[in-house]
Amino acid sequence: MKLKNFIAAAMLLVSGTAMAQATYTDAEGNEYTFNKHAFITLQGGAQYTLGEAKFSDLLSPNFQLGVGYQFSPAFAARLQVNGLNSKGGWNGLGNPPLNETYKYNYFAPGIDLMLNLSNLICGYNPNRVFNVTAFLGGGLNIASGNDDANAIGQRLGARAGKYNLEYLWDGSKMRPFGRGGVELAFRLGDKVSLLVEGNANIISDKYNSKKAGNADWYFNGLVGLRFNLGKTHSKVEKVIETAPAKPAETIPTVPVQPTKPVVTEPAKPVVDTVEPLRRDIFFVINKFEIRPTEEGKVADIAKYLNDNPKAKVALCGYADRGTGNDQINDRLGRQRVEVVKNMLIKKYNIPADRITTDSKGAREQPFAINEQNRVTIAIAE
């Protein structure tokens, strides 16, 4: 793999993650926010080295250890070491037929750039059971223990060249390699996932001691576990609001003077008092769309205004101080007010002159919990 092609692919992986959202709201209205975190992977399986012998003759055991970091819902990077044995051989080549297989040792440290396609395409969801991740990487293959191939070369002598055994090597050899693959992850919990991985590795033609005129390949199939380190997400429970209890109305009574004749006074009219109505419409981080779980609150305000023709509503928008800056938060506060105002006007036909608006951005924080300050507070009276 050419270096410029690898760099271009790596840039594509990184840039693609910008489209992946970092928050998720479940059916109950609970909000999850992604947290950066480290992870380790432990895997074992089998390797097939491309060659002319039977498929089963070119299988060998394989292992892989990895340490990585999840930078966003879609993008991660890991340092990994893969290794144990590779194999080479022939099957019925030449006259008389030559059937030979041999193995040699290797370990291959490298780095992989990883793209979670499930989060990128379908959106972040920390509770998703099945995730598909593609990766691209490379590193250095350090091979040793090529005694079997050298023994075959010595035994065959001049015939070794006839069977293309022209790249014999001994001692230890270091060669760069490139790799790509797919990882299937089955979530067992917030901390643990079951992994099934397949990867393809390309390396110099001299890797398996045989001259073929093209690069050598080996393929790994692995099963193992991923352990997440630290907190992978933050969860904010849905805030359930309860309307304040309406105080009981009392009718004043006229005291009776025992020494005077009782004078019946006309009953005083009962003045109906209307209690103010408050609703807090909460938003997702960096968003100003009204979620389905919050639309009922806007409907409550509209009903109150329709039931009380003289009432008006004051809207005030906020953003949380824990994220963004004043410029971003001032804009979010204004947008969160306007979207509530527009729904009252367009969906519920509330006249605009019965609505007043204000925005505090993050300069004021009505709630002690940071996440609750992504809100428009509506007070109708």
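Summary of computed values
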| quantity | calculated |
| --- | --- |
| Residues of the stretch 195-247 satisfying the condition of being hydroxyl-bearing (Ser, Thr, Tyr) and modelled with pLDDT under 90 | 234, 242 |
| Only one of 62, 105, 116 that is modelled with pLDDT of 95 or more and open to solvent by 40 Å² or more (accessible area, probe 1.4 Å) | 105 |
| Number of the exception - residue 179 against (1) touching a residue at least 40 places away in the same chain (Cβ under 8 Å); (2) out of contact with any Gly (no Cβ under 6 Å at 6 or more places or on another chain) | (2) |
| Count of the stretch 169-228 residues which are open to solvent by less than 40 Å² (accessible area, probe 1.4 Å), hydroxyl-bearing (Ser, Thr, Tyr) and part of a loop (DSSP other than H, G, I, E, B) | 2 |
| Residue match in the stretch 73-82 (condition: surrounded by fewer than 16 Cβ atoms within 10 Å (Cβ to Cβ), in contact with a strand residue (DSSP E or B) (Cβ under 7 Å, 6 or more places away or on another chain) and at pLDDT 95 or above) | yes |
| Which listed residue, of 140, 165, is in contact with a helix residue (DSSP H, G or I) (Cβ under 8 Å, 6 or more places away or on another chain) and either modelled with pLDDT under 95 or assigned to a strand (DSSP E or B) (or both) | 165 |
| Positions within the stretch 292-334 being outside any loop (DSSP other than H, G, I, E, B), polar (S, T, N, Q) and under 16 Å from residue 352 (Cα atoms), in sequence order | 306 |
| Sole exception among (1) under 25 Å from residue 126 (Cα atoms); (2) at pLDDT 95 or above for residue 45, by number | (1) |
| Residue, nearest to residue 233 (Cα to Cα), within the stretch 83-94, restricted to residues that are crowded, with 17+ Cβ neighbours inside 10 Å and of a type outside the set (A, V, I, L, M, F, W, C) | 83 |
| Residue count, the stretch 297-354 (criterion: aliphatic (A, V, I, L, M) and open to solvent by 30 Å² or more (accessible area, probe 1.4 Å)) | 7 |
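Conditions (1) without any contact (Cβ under 8 Å) to a residue 24 or more places away in the chain; (2) of a type outside the set (D, E, K, R), marked per residue:
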| position | (1), (2) |
| --- | --- |
| 280 | no, no |
| 286 | no, yes |
| 294 | yes, no |
| 305 | no, yes |
| 314 | no, yes |
| 317 | no, yes |
| 345 | yes, yes |
| 360 | no, no |
| 371 | no, no |
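The values are calculated or read from the model by the stated rules, or taken from the named source; none is laboratory data. This is a predicted model, so every value here is computed, not measured. Every residue, glycine among them, receives a Cβ derived from its backbone with ideal geometry; neighbour counts consider all protein chains shown. Just the protein is used for accessible areas: all its heavy atoms, side chains included, with ligands, DNA and RNA removed. Shrake-Rupley method; radii C 1.70, N 1.55, O 1.52, S 1.80 Å.
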